[in-house]
């Protein structure tokens with residue numbers, strides 16, 4: 001393997017949040033393998049970088065990754081696993097020709113990232129591969145900045161948890177941490193509002209939709225939110241203090 005595989009965090013949406021290192025590597029790599037959530041849709045990561053990185057002359061390979069739940073305690077969905085392997089095989093074939101390959105991924109690669117799954121699959125298939133993870137501005141940090149709330153102060157503890165967990169698990173977390181970030185709330189918003197109301201935390205919560213993007217919304221009264229109108233990129237920050 002002569003090439004290097006770069007998994008690059010490109011931030012939550014605002015291209016000005018790309019790091020200098022991300023810009024340099026994206027500009028230097030001849031091949032970009034970019035994820036998209038829908039077969040006939042566009043890549044959000046590509047839409048971010050094309051505003052600030054010259055793409056003329058680059059090979060851009062878009063790969064569809066099904067939007068399905070992943071449980072680390074169970075085998076992945078066959079369609080999801082197939083997408084990881086398809087992406088890894090594509091990367092490996094380019095690395096063997098000596099080309100560096102960049103995989104732009106939303107937010108930070110270490111947090112619920114398609115890029116990290118792809119990197120792990122690549123190393124399973126070709127352990128000799130050279131890989132580099134490039135951190136990016138996380139959606140969690142961007143949400144807190146937009147809402148003007150801290151994530152942790154002093155002796156605070158913070159939890160990040162998918163809102164799709166059952167109420168029992170969510171309640172345990174809500175009562176154990178000072179800050180709770182609920183991810184992927186768009187399909188369960190009505191249930192989350194009821195749960196926060198029961199726990200007396202509704203007034204301590206703020207919803208951030210499409211953080212850092214032109215269409216960003218910050219909503220403090222969660223009772224006004226219609227679940228069927230929420231975008232996939234929606235999170236809730238709960239601050240108990």
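The values are calculated or read from the model by the stated rules, or taken from the named source; none is laboratory data. If you're wondering where the values come from, they're calculated on a predicted model, not measured in any experiment. Every residue, glycine among them, receives a Cβ derived from its backbone with ideal geometry; neighbour counts consider all protein chains shown.
Side notes on the structure shown:
- Per-region count, region 189-214, residues more than 17 Å from residue 107 (Cα to Cα) and within 18 Å of the chain's Cα centre (by Cα): 1
- Output for region 218-238, where each listed residue is within 18 Å of the chain's Cα centre (by Cα) and surrounded by 15 or more Cβ atoms within 10 Å (Cβ to Cβ): 230, 233, 234, 235, 236, 237
- Residue 194 falls short of the stated requirement of being in contact (Cβ under 8 Å) with a residue 40 or more places away in the chain, assigned by TED's automatic domain parsing to the domain that holds residue 231, surrounded by fewer than 17 Cβ atoms within 10 Å (Cβ to Cβ) and more than 22 Å from residue 145 (Cβ to Cβ).
- Sole exception among (1) surrounded by fewer than 17 Cβ atoms within 10 Å (Cβ to Cβ); (2) assigned to a loop (DSSP other than H, G, I, E, B); (3) modelled with pLDDT of 95 or more for residue 241, by number: (3)
- Pair list, Cβ under 8 Å, 6 or more apart: region 98-120 residue on the phi > 0 side of the Ramachandran plot and in a helix (DSSP H, G or I), other residue surrounded by fewer than 23 Cβ atoms within 10 Å (Cβ to Cβ) and at pLDDT 95 or above: none
- Some residue of region 28-46 being exposed (fewer than 15 other Cβ atoms within 10 Å of the Cβ), assigned by TED's automatic domain parsing to the domain that holds residue 110, at pLDDT 95 or above and closer than 25 Å to residue 214 by Cα: no
- Residue within region 162-169 that is surrounded by 19 or more Cβ atoms within 10 Å (Cβ to Cβ) and touching a residue at least 24 places away in the same chain (Cβ under 8 Å) present: yes
- Any hit, region 77-85, residues being part of a loop (DSSP other than H, G, I, E, B), over 16 Å from the mean Cα position of the chain (by Cα), at pLDDT below 95 and surrounded by fewer than 17 Cβ atoms within 10 Å (Cβ to Cβ): yes
- Residue that is surrounded by the fewest Cβ atoms within 10 Å (Cβ to Cβ) [pool: residues in region 55-75 that are more than 18 Å from residue 105 (Cα to Cα) and at pLDDT 75 or above]: 56
- Residue among 54, 76, 109 that is in contact with a helix residue (DSSP H, G or I) (Cβ under 9 Å, 6 or more places away or on another chain) and closer than 29 Å to residue 217 by Cβ: 109
- Within region 10-26, the set of residues being within 13 Å of residue 134 (Cβ to Cβ) and either outside the structural domain of residue 93 (by TED's automatic domain parsing) or assigned to a helix (DSSP H, G or I) (or both) comprises 20, 21, 22, 23, 24, 25, 26.
- No other residue among 91, 52 is modelled with pLDDT of 95 or more, in a loop (DSSP other than H, G, I, E, B) and within 15 Å of residue 29 (Cβ to Cβ) apart from 52.
- Only listed residue being in contact (Cβ under 8 Å) with a residue 40 or more places away in the chain, surrounded by fewer than 23 Cβ atoms within 10 Å (Cβ to Cβ) and either touching a strand residue (DSSP E or B) at 6+ places or on another chain (Cβ under 8 Å) or under 19 Å from residue 51 (Cβ atoms) (or both), chosen from 11, 3: 3
- Residue 111 vs. criteria surrounded by 17 or more Cβ atoms within 10 Å (Cβ to Cβ), in contact with a strand residue (DSSP E or B) (Cβ under 7 Å, 6 or more places away or on another chain) and more than 19 Å from residue 59 (Cβ to Cβ): no
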